[in-house]
Amino acid sequence: MADRTTGTAAQRQRLTGELMAYGASFTELGRRFAVALGVHSTDAFALLEIAAADEAGQPLSPALLTTRIPLSSGAMTALLNRLERAGYVHRSRELDDRRVVTLRASAEAKRLADEFFGPVNARQDAVLDAYPPELLRSFEELLGALRDSMDEQLGQSD
């Protein structure tokens, strides 16, 4: 009988279990952030995507946001309208192609997110600081390759 605690399949199952548990915790944090903001959890996750992209210097358009938060065009427009009315998001036309709308998180949204996620980010930074940078880069590569393999399967399912 094969040992179910060793080998590639067993490692994949353990990694998947930990990633799912991490994802569940992140989802719960996002839900609590939504409550703190007084918005729907989908709106809060969209705001986090917008803020992260903005901070990385790669602001999103509504179409790109739809690839991260899968909603119909009408539902995405309604979501962005709610976030804009709440003062959390600004839409602008910054590119040469004036048809492209750029989404930016407001200073207030960034402040609230920093305040809310600051403690958990500090704890996670302390955990990451215990590992060598080379190992973390390898783990980033591993996660990227695993995500790519899932995306490839999802693309075949369309």
*asked:* residue 64 - would you say it is open to solvent by less than 60 Å² (accessible area, probe 1.4 Å) and under 17 Å from the mean Cα position of the chain (by Cα)?
replied: no
*Restricting the search to region 108-134, which residues are in a loop (DSSP other than H, G, I, E, B) and loosely packed, with under 10 Cβ neighbours inside 10 Å?*
130, 132
*From 141, 115, grab the single residue that is without any contact (Cβ under 8 Å) to a residue 60 or more places away in the chain and farther than 27 Å from residue 44 by Cα.*
141
*asked:* Quick test of your reading of the structure: residue 150 fulfils all but one of (1) open to solvent by 100 Å² or more (accessible area, probe 1.4 Å); (2) farther than 29 Å from residue 33 by Cα; (3) of a type in the set (A, V, I, L, M, F, W, C). Name the failing condition by number.
replied: (2)
*From the list 94, 55, 84, pick out the single residue that is surrounded by 14 or more Cβ atoms within 10 Å (Cβ to Cβ) and out of contact with any Cys (no Cβ under 9 Å at 6 or more places or on another chain).*
84
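The values are calculated or read from the model by the stated rules, or taken from the named source; none is laboratory data. The shown structure was predicted, so the numbers you read here are calculated from the model rather than taken from an experiment. Neighbour counts run over all protein chains shown; Cβ positions are idealised from the backbone, glycine included. Note: accessible area is taken over every heavy atom of the protein model, side chains too, but ligands, DNA and RNA are not part of it. Shrake-Rupley method; radii C 1.70, N 1.55, O 1.52, S 1.80 Å.
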